[in-house]
1. When you go through (1) closer than 19 Å to L82 by Cβ; (2) buried (at least 20 other Cβ atoms within 10 Å of the Cβ); (3) within 13 Å of the ligand (Cβ to nearest atom) one by one for G321, which number turns out not to apply?
2. Give G300, G292 a once-over and let me know the one that is among the small types (G, A, S), within 19 Å of I12 (Cβ to Cβ) and either more than 7 Å from the ligand (Cβ to nearest atom) or at pLDDT 95 or above (or both).
3. Say we look at region 1-15 and pick out the residues that are more than 22 Å from G292 (Cβ to Cβ) and either of a type outside the set (A, V, I, L, M) or within 10 Å of the ligand (Cβ to nearest atom) (or both); which of these is surrounded by the most Cβ atoms within 10 Å (Cβ to Cβ)?
4. Just checking, does region 33-49 include any residue being within 10 Å of the ligand (Cβ to nearest atom) and surrounded by fewer than 24 Cβ atoms within 10 Å (Cβ to Cβ)?
5. Looking at region 246-262, can you tell me whether even one residue there is buried (at least 21 other Cβ atoms within 10 Å of the Cβ), of a type outside the set (D, E, K, R), within 25 Å of K37 (Cα to Cα) and within 11 Å of the ligand (Cβ to nearest atom)?
6. Select the helices (runs of 4 or more DSSP H) contained entirely in region 305-400, then report the ones holding at least 2 residues which are among the polar types (S, T, N, Q).
7. Could you identify the single residue in I94, I57 that is within 16 Å of the ligand (Cβ to nearest atom), assigned to a helix (DSSP H, G or I) and touching a residue at least 60 places away in the same chain (Cβ under 8 Å)?
8. M165 passes all but one of (1) at pLDDT below 90; (2) in contact with a helix residue (DSSP H, G or I) (Cβ under 6 Å, 6 or more places away or on another chain); which number fails?
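The values are calculated or read from the model by the stated rules, or taken from the named source; none is laboratory data. Model, not experiment: these values are computed from the prediction. Ideal geometry is used to build each Cβ from the backbone, glycine not excepted, and the neighbour counts take in all protein chains shown.
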Amino acid sequence: MAKTPFYITTPIYYPSAKLHIGHAYCTTLADTIARFKRLAGYDVFFLTGSDEHGQKIQQKAEEAGVTPQAYVDKIVAGFQELWRRLGISNDDFIRTTEERHQKVVQEIFRRIYAKGDIYKGEYKGQYCTPCESYWTEHQLDENGCCPDCHRPVQEVSEQAYFFKMSNYADRILAYIEETPDFIQPESRRNEMINFIKQGLEDLCISRTSFTWGVPVPMPPDEDGRQHVIYVWFDALTNYLTPIGFLDNQEMFNKYWPADLHLVGKEIVRFHTIIWPCILMALDLPLPKKVYGHGWLIVDGDKMSKSKGNVVDPLLLIDEFGADAIRYFLLREINLGQDGNFSRDALIERINSDLANDLGNLLHRTLSMAKKFQEGILAAPQGESEIDRSLKSDAAETVKFYRENMERMELSPSLKKVWAFVSRANKYIDETAPWALAKDDSRKQELANVLYNLAESLRQIAVLISPYMPDTGRKIWAQLALEEVKPFAEVQLTDIESWGGIPAGHKAGEAQQLFPRIEAEDDAAAAKKAAKEQAAANKAAKKAKREAQRKLNEKKQ
Ligand code: ME8
């Protein structure tokens, strides 16, 4: 039977600076959903990438004294390195400067122009460069600044191409009202409905005041000015490029419409109003769901360069490993709500949940199996009340997990898995295998207990694998299950019945999964990490000052 396709995307991030823990959070969420869907038997296509055009990038490159292409190449290599280190399983990485994408953007412009929904006019308005957003006078905040980031805007007046969004206002409003699942969570949906009801103006989709963008596929103006396409019009269409919009109809029909655009709450508007209008103008179906996740703050404060509290995920991975960071982000933050990142809370979770609960369960199980049965997991016979209750908890956990993961309840599902980890630890205390081992007449009971513990761990390895792929794989390897079934091929159905470990199977040696972080070590490490972070921030500031000085020299 053909697998059901599932197409999931993250925002394509701006390579104007290195990515921080907030970006890593969004991509980790998407990765976990993609991995779960693969486990549940879907044919997944998971896309992330970089949004490389626009005035801001051009300015940054000028400040750094390099070409925009050289500037983005370097930063985007850093994105890709981060995703590799974080264990992100994207199927493609789209860069908007790639030729395959520029072709798509220009073709879309041509099609909508030919239809009459793009026209040339005079643009007068306010532009916020950091947000790459146009605003009308009445949308500005009380200080006449950008209503999103509250920084000053620039007045611009020029000939430009416009997209007739106004043509689609009624249709998009009706669609949002009739399709409750389209915008999630609910609060974001209400915001969008109110926004559209205030009236949709046509969108200016070209600029002539800078050159770093996809050229408008039209002759230049009479005065020779060449237009480039507005960066959001360019960026949104990225979602069509890698799935064969222009070059692979079969693939395109399979994956479009997207099942899920996962984005931060601040860009829901672009994805649920502008993007659907573009798609309607192209006569394409709309994405099934846009989910606006919440923001990560650090120690209760918004991250910002000026405060010097921007958390670099690569430094954290160096220190604690990718899976610990992934666990923390997915467990601590409820999807859709803002969440707090703190080093202390991270260490607390590593020590209690990972080193203690999970690490001990694995270690105790494998060392007892080795000590009492030379690692051999003999066939269980008969079952006690306690065995029955463990098995029924396992079945209940897997069922809850499948249903809740399908609804993107990532944190509740992870908590449920940890409740089962605790349950299995309690089972050790209840059955006291060390006592059974002393009594020859209870050998079969002992074999049952050790088998049940190993089987619980087999199921846990699979359940945690979307969240902590490396840890799942390590547990599988320590149970020596690779020869039974390669971990990469495991499906959720493999743990929907009890007893996947063959009778007589020999488990491997126990190895530590997560070392405990002692307070003393951490005080020293925290000092070192803060020093590294401060040095990185200082170096970045110095480089910026130096570049600015060079730029000023050049201008004089
Ligand atoms: O907006 N907490 O790119 P961007 C959680 N290029 N998530 C955060 C975050 C935080 N503190 N900060 C950023 C753009 N994010 C456009 C997107 S898509 C066609 C174009 C995440 O580099 C969050 O997902 O500013 C947010 O939407 C995204 O990064 C913005 O990344």
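1. Condition (3) is where G321 drops out.
2. On the way: G300 fails: within 19 Å of I12 (Cβ to Cβ).
From the options G300, G292, the qualifying one is G292.
3. Step one: list which residues in region 1-15 are more than 22 Å from G292 (Cβ to Cβ), which gives 1-5, 15.
So of that shortlist, the ones also either of a type outside the set (A, V, I, L, M) or within 10 Å of the ligand (Cβ to nearest atom) (or both) come out as 3-5, 15.
Working: K3: 12, T4: 12, P5: 17, P15: 25.
Among them, the one singled out is P15.
4. No; the residues of region 33-49 include none that is within 10 Å of the ligand (Cβ to nearest atom) and surrounded by fewer than 24 Cβ atoms within 10 Å (Cβ to Cβ).
5. Yes, that holds for at least one residue.
6. Working: elements: 313-320, 322-332, 343-349, 360-373.
In region 305-400, the matching helices (runs of 4 or more DSSP H) lie at 360-373.
7. On the way: I94 fails: assigned to a helix (DSSP H, G or I).
The unique qualifying residue is I57.
8. Result: M165 passes all but (1).
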